[in-house]
Amino acid sequence: MIEQRRGVWYLYGILIFFTLWYMAASLVNLPIIPTPWIVMKNLLGIFIPKILIHGSYSLWRIVAGVILAVIVGVPVGLCMGYFPKWDRALSPIVYLTYPIPKIALLPIMMLLLGLGEVSKILMIFLIIVFQVIIAVRDGVKSIPKETYYPLYSLGATFSNIFREILIPASMPKFLTSIRVAMATAISVLFFTETFGTEYGMGYFIMDAWMRVNYLEMYSGIVVLSCMGLVLFGVIDYLDRKICHWQYK
C-alpha cells in the first residue's frame, strides 16, 4: 500500500513537470523548446536504435562508481567512527582532499588513466566516497557508548558489534549521503562523457546539440532525468527495507 502511494506521488511529480514544460514551450514558442509530447514521440522512436546503448554505458559507469565507493568508503568510515586512532589519523587527510573540486582532477585522470572507462568510473568514485566516509563515520560516532556495554559483557567480538550495531546505526546517514552525491555524480558524468568517448548520455546530448537536433537533445535529457529518478527510487526502496524501523 505504501509503495502504491509513493508511486502515485511520483506520477504527480512527473505530471507537474510536464505541465510546466508545456507552459514554457507554449510561452516561448520557439523550436529550441519543443513541447513534451513531441519530444516523447521522438524518444519512443529513437530509444532502442540510438539511445539505449548510450544509457547503458552511463548507467554502468554510475553503478560501478557507487559500488566502488561503497566498498572503500563504508569500511573506512566504520573504522574511523569506532576507533579514535583511525579518526585522528585519517580525518586530516579526508578534510584536506574532500574540498578539492573533483572535476578539476579530470585532466589528470585522463592523462594518467586514458580516456576509457576507468577515468570516468574513478571520477564518480571520488565524488561519492568522501561523503560515504564522513556520513558513516558520523553515524557510528552518534551511537551512545552505553549501547555497546551489553554486547561487551556477553563477550561479543568486533564482528558481532559490526553486524549488530555499527551497520544498522550508520545505514540512514549512509543512504542519505548516497542521495546527496548521486545528483552531483550524474552531472559530472555528463561532463566527462563529452571527452574521448562515443558512448554515454553526455556524448549523445552534446552531439545532438552540435547537430542542432533539439528533439534528440531533449530526448537525451529526459532519459538522463529518468535514470536519476530510477536511481533515487532504488535508494528510497533500499532505505525502507534496510532502515525499516524508521518508518514504523
Before we move on, is residue 141 in contact (Cβ under 8 Å) with a residue 60 or more places away in the chain and farther than 23 Å from residue 59 by Cβ?
yes
Those residues that are more than 11 Å from residue 32 (Cα to Cα) and out of contact with any helix residue (DSSP H, G or I) (no Cβ under 6 Å at 6 or more places or on another chain), I need them from region 205-220; list them, please.
206, 207, 210, 211
From the option list 125, 162, single residue qualifying as modelled with pLDDT under 85 and within 27 Å of the chain's Cα centre (by Cα) is 162
Would you please name the residue that is nearest to residue 185 (Cα to Cα), looking only at residues in region 90-127 that are among the small types (Gly, Ala, Ser) and open to solvent by 20 Å² or more (accessible area, probe 1.4 Å)?
104
Taking residue 124 and the conditions (1) out of contact with any helix residue (DSSP H, G or I) (no Cβ under 6 Å at 6 or more places or on another chain); (2) closer than 25 Å to residue 234 by Cβ; (3) in contact (Cβ under 8 Å) with a residue 12 or more places away in the chain, which numbered condition does it fall short on, given that it satisfies the others?
(1)
Output the number of residues of region 118-162 satisfying the condition of being hydroxyl-bearing (Ser, Thr, Tyr) and part of a helix (DSSP H, G or I).
6
Residues satisfying the stated conditions in region 61-89, i.e. free of Cβ contacts under 8 Å to residues at least 40 places away in the same chain and either more than 22 Å from residue 162 (Cα to Cα) or open to solvent by 50 Å² or more (accessible area, probe 1.4 Å) (or both)
63, 67, 71, 75, 83, 84, 85, 86, 88, 89
Select, from 155, 139, 202, the only residue that is buried (at least 23 other Cβ atoms within 10 Å of the Cβ) and either closer than 30 Å to residue 114 by Cα or at pLDDT below 80 (or both).
202
Would you mind stating whether residue 164 is farther than 20 Å from residue 104 by Cβ, open to solvent by 50 Å² or more (accessible area, probe 1.4 Å), touching a helix residue (DSSP H, G or I) at 6+ places or on another chain (Cβ under 8 Å) and without any contact (Cβ under 8 Å) to a residue 24 or more places away in the chain?
yes
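The values are calculated or read from the model by the stated rules, or taken from the named source; none is laboratory data. As the structure is a computational prediction, the values presented were derived from the model and not from experiment. Note: ideal-geometry Cβ built from the backbone for every residue, glycine included; neighbour counts use all protein chains shown. The protein model used for the area step is the full one, side chains on, heavy atoms only, and it has no ligands, DNA or RNA in it. Shrake-Rupley method; radii C 1.70, N 1.55, O 1.52, S 1.80 Å.
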